[in-house]
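To start, the structure under review is shown below, and the notes come after it.
The values are calculated or read from the model by the stated rules, or taken from the named source; none is laboratory data. All values reported here derive from a predicted model rather than from experimental measurement. Quick reminder, even Gly has a Cβ in these numbers, built from the backbone with ideal geometry, and neighbours come from all protein chains shown.
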Amino acid sequence: MAASSRGRRALQSILRANPSVCSRCATSFAPRASTRLYSASATTSEASPSEDTALASHSSASSPSPSTTPPRVWIAPDYVIRSGLILSRPPLLTRKLHPFENAFFFYQKRLEERLNTPFIPSIYFKPDTPRELDWNIKIKERQGTVAKELGVYKGKGARAWDDELKVGDTLSTQEGMIDSLLKDAELRVSDDAEVIKAEDVVPVERPRERETEADKQGDVMRLDRRLDRTLYLVVKGKDGWGFPADMVQRNETLHV
């Protein structure tokens, strides 16, 4: 028989005899006998009936009756839920360009006039039609310039490099552009291919101004003002101006 098997059997016999033996160290842990004095035991064992009655009454008074339940008290929360909205009107017009931006875009248009291929009217107008006659009259007034709002400029000529405006020239301003386009939109030839006299030409109606009547009067309650800006609805309260908001009541929910 191997030594390991003999040792295991000896350990099993020790464990059966004393269950308080540790399996690792095989050391017995016997509980220590408590040392109590007989006088203390006698004193604690003899309890007076008056003390028992007092303890019983104290325990009955401290423990509440299971039938009585304390009422629930509702405590108001220390926070408030506020709900609001943001109502806006988007811009109706593009923003007004800076004079430098107007000059830059005007320069780009003249540069395009220089780099493009020559315009061929026969591709767009049939011969001997009112549209061709109208085109011939207007291109003659512009001295051969194809674009309507560039003024007199020959992009294929010897002085095509001179494409910048002089200081103070109003040709690149918004008002100058509108005047050039409105003049070109006037009908110069009738449907019967007859040239209309200058005094009989019907002028084209100008577009409305960017500044409305509400802007001039300073009326901030109307929506037809500041057409190039985003407007927001604000109300004035005790704390000043702000978006419309109110407290959510207890019987209301955040979802509709």
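Quick notes on this structure:
Okay, residues lined up against (1) at pLDDT 90 or above; (2) within 41 Å of the chain's Cα centre (by Cα):
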| residue | (1), (2) |
| --- | --- |
| Glu101 | yes, yes |
| Ile137 | yes, no |
| Gln143 | no, no |
| Gly151 | no, no |
| Gly155 | no, no |
| Gly168 | no, no |
| Ser172 | no, yes |
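- Residues (surrounded by 10 or more Cβ atoms within 10 Å (Cβ to Cβ) and within 14 Å of Leu111 (Cα to Cα)) located in segment 155-171: Gly155, Lys156, Gly157, Ala160, Asp162, Asp163, Glu164, Leu165
- Among the criteria (1) touching a Ser or Thr at 6+ places or on another chain (Cβ under 8 Å); (2) at pLDDT 90 or above, the one Ala214 does not fulfil is (1).
- Identity of the residue in segment 229-243, loosely packed, with under 12 Cβ neighbours inside 10 Å and out of contact with any Phe, Trp or Tyr (no Cβ under 8 Å at 6 or more places or on another chain), that ends up nearest to Arg95 (Cα to Cα): Thr230
- Whichever residue in segment 204-219 is surrounded by 11 or more Cβ atoms within 10 Å (Cβ to Cβ) and without any contact (Cβ under 8 Å) to a residue 12 or more places away in the chain and, among such residues, is farthest from Leu93 (Cα to Cα): Asp219
- Some residue of segment 174-187 being touching a residue at least 24 places away in the same chain (Cβ under 8 Å), more than 29 Å from Tyr107 (Cβ to Cβ) and more than 27 Å from the chain's Cα centre (by Cα): yes
- Which listed residue, of Pro118, Pro91, is part of a loop (DSSP other than H, G, I, E, B), in contact (Cβ under 8 Å) with a residue 12 or more places away in the chain and within 22 Å of Ile139 (Cβ to Cβ): Pro118
- Subset of segment 143-198 [more than 19 Å from Glu113 (Cα to Cα), assigned to a loop (DSSP other than H, G, I, E, B) and not polar (S, T, N, Q)]: Val167, Gly168, Asp169, Glu186, Leu187, Arg188, Asp191, Asp192, Ala193, Glu194, Ile196, Lys197
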